[in-house]
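The next block holds one structure in the form of structure tokens; read it before the comments.
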Amino acid sequence: MNIIARLNPNHVFNYVCVDEREVSEKTIFFLKPLTVYDYKYCEEVNSDGLNLKFGNFSFNILEKGLVGWKNFYYEDNASIPFSIKNFSTVPQNIQAELTQELIRLSDVDEKLTDELIFVAKWSNYVSNLKGKDTWNCDECMEKKQDRARNCCNKYPEVGFKKTIGKTPGDTVTSCPISMLTSRAVKLTNIINYINDSKSLPFVGGSLEQTNFFYSARMIVLSERNSMLRQELDNQA
């Protein structure tokens, strides 16, 4: 899935439920990532202050993010028109699956969070190096350092270790560059550019941007600010 499309509040994703992916005529649901306003609204109106009331939360998520369907029929094969009042025709298990997919589209999962944090830590490490070119892939291959650095974890027997930060878990056992994911690098660059230019990804105010954008932005900037504070503390 194009992760950059999740920054666009008007992008529509086609979704086929798991149970129908092998059938010839699939029901296709059209989903849009929720905006900051929509996501927070769904959380707030369905919360008792401590916990989410998932049934109502699920319906509100669908109301905001399910924008159409295709090849969806009654038992007599009559086409079901798309409308909120017809949401009740969607089986409960399908509603739950669509809700989870909309949440996935509209928020940052743990795996991507880890990838974004790693990009931030590696960028900070490289920015403080005097010889940045020592971590250039072409130069590394030319000097045949790929084995010594356990490039892409192909040579675990060499016992490579590199510490790129000052917190537990910041020591890696394969080349850090090979651990960077293209989606995390691309997303980080976009977020940093947007933040530095004091702009927004798409037309509209802050609450009209996707919740995914603001969740990712919070992770990237929080990590960046945390490392800046560490550097200032070290200089004090």
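A few comments on the model shown:
- Within segment 117-158, the residues that satisfy the criterion of being among the hydrophobic types (A, V, I, L, M, F, W, C), under 30 Å from LEU221 (Cβ atoms) and assigned to a helix (DSSP H, G or I) are ILE117, PHE118, VAL119, ALA120, TRP122, VAL126, TRP135, CYS137, CYS152.
- Applying the criterion of being in contact (Cβ under 8 Å) with a residue 40 or more places away in the chain and of a type outside the set (Gly, Ala, Ser) to the residues of segment 144-174, the residue that is surrounded by the fewest Cβ atoms within 10 Å (Cβ to Cβ) is LYS166.
- When the residues of segment 91-137 are filtered to those that are among the aliphatic types (A, V, I, L, M) and free of Cβ contacts under 8 Å to residues at least 24 places away in the same chain, the one that is nearest to THR188 (Cα to Cα) is VAL126.
- Qualifying residue in segment 71-85 (condition: β-branched (Val, Ile, Thr) and assigned by TED's automatic domain parsing to the domain that holds TYR41): yes
The values are calculated or read from the model by the stated rules, or taken from the named source; none is laboratory data. Because the structure is predicted, anything quoted here is derived from the model rather than measured. Here Cβ is always computed from backbone atoms with ideal geometry, including for glycine, and neighbour counts include all displayed protein chains.
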